[in-house]
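Sharing a structure here in structure tokens format.
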Amino acid sequence: MSNNVTTNLFSVITGLILFVGYFFVGPRHGLDSHGYIQVGELILDWLFHGNVANEPFPEHVQIPKYLFPSILLGVCYDIFGDNGHQAVIALNGFLFSCTAFLLFKIWILLDNWSHEYNAVMLVGGLFLIFGLVDTPLWVYYDLSDIIFLWYATLLTYILIYGAVNKTILPFFFALILVVGGYFVRPTAIIFPLIFLIFTCTLIHWPTTGLSGLTVLLSVGLSLLLVFLLVPAFVDFWVTNEKQAREIVPELFMNPVAQSMHMFNQGWVVADRPNTYILNPKGYSDFLMIALHRIIYFFTPLRLEYSLVHNSLNSLYVEVSI
């Protein structure tokens, strides 16, 4: 089999497994499902049934961090009504299959293996995709997880494609995705760092005489400064919330206020009480929350995970390296 045939077969098999899985798992709702759908339908109603020029956007609905997924879910429920959840599952299944397709393309770009190994890679790829059961299970929820998974994989593919083929155009498309990530999911805050790492290490800077490593170190120091300043702003918000709100642009007020609330409550990771820092007070506690949050998200192995979960995560880390 050629690489293209194997890639297409990989995505098709992924879709078929998800289709069969629907009859065992069925549609599932998440805690945030209703909020996504409500916001999406309100936006669609305002755009297509209201007078956009004269009718203001509903005051009780702020532009959410999940704007793109909310609109997609709203479209599914607006068009298909009572079958909206099934439409969301179909969309998630399609995007998950596209994600599998992109992952296999990335694999080919990085390894460029011989055709004789395609059958082995096909089986190994399916094991990696479905071995960690938690990930494909999100297909059956009307949430933003699969949409973001596809979005992040698309960004990764474009960056790697540009790097491997030594062309600059993909980086412009990647930059658009980096900016748009803000409206997909808060986790996209990591996108600018990924983009900078790629550009700083792969692009030469002959006109300035700077090496990619020098630029990367400069970016790293800048990020370290931001990391030290964020807890200071949290401390300022807690003690002078009214003045702090005057600094934040209205467009970003909702996510910033939510983040400040999480810091003030000692949340390292939402809905993970074992990570909380009780009664945080002052800059040092807020700094520890930020530090613990970074460590948590970049630690693939944890005591609360099962042996299978930790084993697969170890395999993913090895493949990534």
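What follows is calculated from the coordinates using simple rules that are stated; it is not laboratory data. Note that the structure is predicted; figures quoted are calculated from it, not measured.
Could you give me the ³J(HN,Hα) list for region 277-284, computed from phi with Karplus coefficients 6.51, -1.76, 1.60 and θ = phi - 60°, whole Hz, x at Gly and Pro?
Coupling constants for region 277-284: 9, 6, 6, x, 9, x, 4, 4 Hz.
Please list, in chain and number order, the residues 5+ apart from Tyr141 or on another chain whose amide H is under 5 Å from its amide H, with Hs placed from the backbone.
Arg28
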